[in-house]
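Nothing in this text is a laboratory measurement; each read-out follows from the coordinates by a stated rule. Keep in mind that this is a model prediction, so the values were computed, not measured. Here the Cβ is made from the backbone with ideal geometry for all residues, glycine too, and neighbour counts use every protein chain on show.
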Amino acid sequence: MPRRIKDFIDISEYTSLDDLIRYLETIRDNLPAEHEAELKIRGDDVFGRRLTITYFREQTPDEAELEAKYSNADEDRAIEELRHKLDKVPFTYSGEKSPPPPGN
């Protein structure tokens, strides 16, 4: 099953309103299905602000090949198994702080 990638589009603050509207419409019309797009204002007064559109897309075949080449699925599976084992360990929190280490 291909993984979904979060991608970004940045829009500079120096554009006319009409250009911005056309640009946003073009982006919206070309987004993939189930994109879950979000628009945020990012940046600050020093480096400037920009509009950032984030959306999800499917991996390209090249990205999937690189991920398969460099991912360590066995290690990821081992970490998940350990996490599930730790979730089953009984634990009760008494609400008390730990005693200070000896010598303090």
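So here's what we get for this one:
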{"item": "Distribution of pairwise C-alpha distances over the stretch 4-87, 5 Å bins, in %", "result": "3, 11, 15, 14, 13, 13, 11, 9, 6, 3, 1, 0"}
{"item": "Formal net charge of residues neighbouring ALA33 (Cβ-Cβ distance under 12 Å; K, R +1; D, E -1)", "result": "-1"}
